[in-house]
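Here the structure comes first, spelled out in structure tokens, and everything after it is commentary.
The values are calculated or read from the model by the stated rules, or taken from the named source; none is laboratory data. Keep in mind that what you see is a predicted model, and the values were worked out from it rather than measured. All Cβ positions, even for glycine, are placed from backbone atoms using ideal geometry, and neighbour counts span all protein chains on display. What goes into the accessible areas is simple: the full protein's heavy atoms, side chains included, and nothing from ligands, DNA or RNA. Shrake-Rupley method; radii C 1.70, N 1.55, O 1.52, S 1.80 Å.
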Amino acid sequence: MDMETNETDKNFQDFFKLHKHDIADNGFASRTLRHLPQRKDNSWIVWLFTTIGIATALYIGIFSDWLMNFIEHMFNLPFIYLLIGVALFPLVIGLCIMFWEKEQY
Amino acid sequence: MNNAEDLRWIAQVILSRDERAFEKLIRKYQSPIRRFFLNLTMGDVFLSDDLAQETFIKAFLYLPTFKALSNFSTWLFRIAYNVYYDAVRARKDFYDLDEKEINQLYQVNNSYSTYKEDFYKALINLNEMEKIAVLLYYMEDKTQREIATIMKCPIGSVKNYIRKGKEKIANFLKENGYGNE
């Protein structure tokens, strides 16, 4: 019984070995690379909204006292607030980039 | 298989989206992945290459989620398994055929498949799960634990698939006089 099982096992292994062949690349890798999705550059959206935002702020600022009041208020702010703002800026930008990258996939 | 080398290439792809590094990964693993699909599709070269390409594209997209808990090859075969499973399901819906009919649909229409006709005839008696488990175990030298990870099923089920598949192939070999010469 054991001898028969061993013989069956051996035939089985030989059968698979006989049909196991390596497949040559033959341009498969370069074909696949050509089909890789390219990262979309959507940075123009950020620039568009920034420009619209600045233009709107300047327009409102020129025709009202809002801009002058804002600048005056900025100069009256305690220095520590300014420091916290500057320190938090990279963190906020970093988080924005992180979420932006996640949305790509 | 050099796992450290794989991890270096994977890091290059994730950090700098280095396509050259990804090309090295493709060149290293294209043969086992394409062979796996070729055997599953009963020698359909075009379909198996399409499925292999889809596997590598998905691997490229999901590479940042690779946690290195298993080796890269096992992770890649897991994607290949999912790609194949989706393809079979889509074709089944489309043709409204059962599994054996799908196998016959793929079978023996090119030079490669006539060369391996006996091999495919042996596989055609196996159901999809048995075929995948047997191919991964005997052809791609995966361990039962790795196959359980790839097929996302308990190791007991993997053992069962392999045992049943092996019995069916052994019967085929006996009936067709293998090992008698």
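Please compute the net charge surrounding B:Glu140, taking Lys and Arg as +1 and Asp and Glu as -1 over other residues with Cβ under 11 Å from its Cβ.
Values: positive: A:Lys20, B:Arg35, B:Lys142; negative: B:Asp141, B:Glu146.
Charge balance in the 11 Å sphere: +1.
Between A:Leu91 and B:Phe46, how high is the FRET efficiency from 1/(1 + (r/R0)^6) when r is the Cβ-Cβ distance and R₀ = 45 Å? Nearest 0.05. All intermediate terms of the calculation are to be shown ahead of the outcome.
Numbers: r = 51 Å, r/R0 = 1.14.
Here the calculated transfer efficiency is 0.30.
Show me the ranking of peptides A:59-66, B:49-56, B:81-88 by mean Cβ neighbours inside 10 Å, starting with the highest.
Values: A:59-66: 10.8, B:49-56: 22.2, B:81-88: 16.9.
Going by the mean number of other Cβ atoms within 10 Å, highest first, we get B:49-56, B:81-88, A:59-66.
Within 10 Å of each Cβ in peptide A:25-31, how many partner chain Cβ atoms are there on average? Round it to a whole number, please. Spell out each step's value before the answer.
Values: counts 5, 2, 0, 10, 10, 3, 3.
Average neighbour count from other chains, rounded to a whole number: 5.
Within 9 Å, Cβ to Cβ, of B:Asn71, how many net charges do the neighbouring residues add up to if Lys/Arg are +1 and Asp/Glu are -1? Please list the in-between numbers first.
On the way: positive: none; negative: B:Asp6, B:Glu146.
Net local charge, B:Asn71 excluded: -2.
Express in nm, to one decimal, how much length is gained between B:Met129 and B:Lys67 on full extension, taking 0.36 nm for each residue of separation and deducting their alpha carbon distance.
Working: separation 62, 0.36 × 62 = 22.32 nm, distance 2.62 nm.
Working it through step by step, the gained length comes to 19.7 nm.
Please give me the summed charge of the neighbours of B:Glu167: other residues whose Cβ is under 11 Å from its Cβ, Lys and Arg +1, Asp and Glu -1. Working shown, then result.
Numbers: positive: B:Arg163, B:Lys164, B:Lys166, B:Lys168, B:Lys174; negative: B:Glu130.
Net charge around B:Glu167: +4.
Averaged over its residues, how many other protein chain Cβ atoms are within 10 Å of peptide B:48-60's Cβ atoms?
Numbers: counts 1, 5, 0, 0, 3, 6, 2, 1, 6, 5, 0, 1, 5.
Counting Cβ atoms of other protein chains within 10 Å of each residue's Cβ and averaging gives 3.
Please compute the average number of Cβ atoms from other chains found within 10 Å of each residue's Cβ in peptide A:9-15.
Details: counts 2, 1, 7, 9, 1, 3, 10.
Averaged over the peptide's residues, the number is 5.
Give the A-B buried accessible area in Å², both sides summed, 1.4 Å probe, nearest 100.
Numbers: alone 10690 and 10430 Å², together 17870 Å².
The A and B chains share an interface burying roughly 3200 Å².
In nm, to one decimal, how far is the B:Arg27 label point from the B:Arg145 one, both placed 7 Å along Cα→Cβ?
3.2
Sticking with the crude label model, points 7 Å out along Cα→Cβ, report the distance from A:Ala24 to A:Ser43 in nm, one decimal please.
With each label placed 7 Å out from Cα toward Cβ, I get 4.4 nm.
Let me make sure I get this right: for the stretch B:19-62, a, b and c are the square roots of the gyration tensor eigenvalues over alpha carbons, sorted descending. Under 1.5 in a/c it's rounded, otherwise prolate if a/b > b/c, else oblate. Which is it?
Cα axes put the stretch B:19-62 in the prolate bin.
Taking the simple approach of a point 7 Å from Cα along Cα-to-Cβ for both B:Lys159 and A:Leu77, what is their distance in nm?
A separation of 6.8 nm, rounded to one decimal place.
Take each complete run of DSSP H in chain A, measure how far its Cα atoms stretch along the helix's own axis, and keep only those covering 30 Å or more with mean Kyte-Doolittle hydropathy at least 0.0; list them. Don't jump to the answer; show the numbers that get you there.
Values: long enough: A:43-63 (31 Å, 1.75); A:79-103 (37 Å, 1.78).
Span-like helices in chain A: A:43-63, A:79-103.
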